[in-house]
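**Q** I am attaching a structure below and will ask some questions about it afterwards.
The values are calculated or read from the model by the stated rules, or taken from the named source; none is laboratory data. Given the structure is predicted, the values throughout are model-derived calculations rather than measurements. Here the Cβ positions follow ideal geometry from the backbone for every residue, glycine too, while neighbour counts run over all protein chains shown.
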């Protein structure tokens, strides 16, 4: 199985979206500071995970969650209000 996952920094509240094959191993690597993109805001907790049969499906979902619409969907799923842009005049 392959996974798309969402982490939250316990220190800053920052969210991180990634994908991998071995989920628990990957979370351990994030928390040990072995992932350059996340080492500066450890520790991390798992907020959400989705399982897929192929790496392509997991990466596709990861890329979607990194778009504006995907972030809004995550906010709704995780019980937060989506960010809204200020109206333009």
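**Q** Output yes when any residue across the range 9-23 is more than 23 Å from residue 80 (Cα to Cα), at pLDDT 95 or above and either surrounded by fewer than 16 Cβ atoms within 10 Å (Cβ to Cβ) or within 11 Å of the chain's Cα centre (by Cα) (or both), and no when none is.
**A** yes
**Q** Kindly check whether there is at least one residue in the range 38-61 that is closer than 17 Å to residue 13 by Cα and free of Cβ contacts under 8 Å to residues at least 24 places away in the same chain.
**A** yes
**Q** If you take the residues of the range 46-78 that are closer than 14 Å to residue 22 by Cα and under 10 Å from the mean Cα position of the chain (by Cα), which of them is surrounded by the most Cβ atoms within 10 Å (Cβ to Cβ)?
**A** This residue is 46.
**Q** How many residues are surrounded by 11 or more Cβ atoms within 10 Å (Cβ to Cβ), more than 17 Å from residue 65 (Cβ to Cβ) and out of contact with any helix residue (DSSP H, G or I) (no Cβ under 7 Å at 6 or more places or on another chain) when one looks only at the range 28-44?
**A** Number satisfying all stated conditions: 8.
Residues are listed down the side, and each one gets a yes or a no for (1) part of a strand (DSSP E or B); (2) closer than 19 Å to residue 55 by Cβ:
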{"site": "5", "(1), (2)": "yes, yes"}
{"site": "11", "(1), (2)": "no, no"}
{"site": "19", "(1), (2)": "yes, yes"}
{"site": "24", "(1), (2)": "no, yes"}
{"site": "27", "(1), (2)": "no, yes"}
{"site": "30", "(1), (2)": "no, yes"}
{"site": "34", "(1), (2)": "no, no"}
{"site": "40", "(1), (2)": "no, no"}
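**Q** Can you tell me which of (1) part of a strand (DSSP E or B); (2) in contact with a helix residue (DSSP H, G or I) (Cβ under 6 Å, 6 or more places away or on another chain) is the one residue 47 doesn't meet?
**A** Failed condition: (2).
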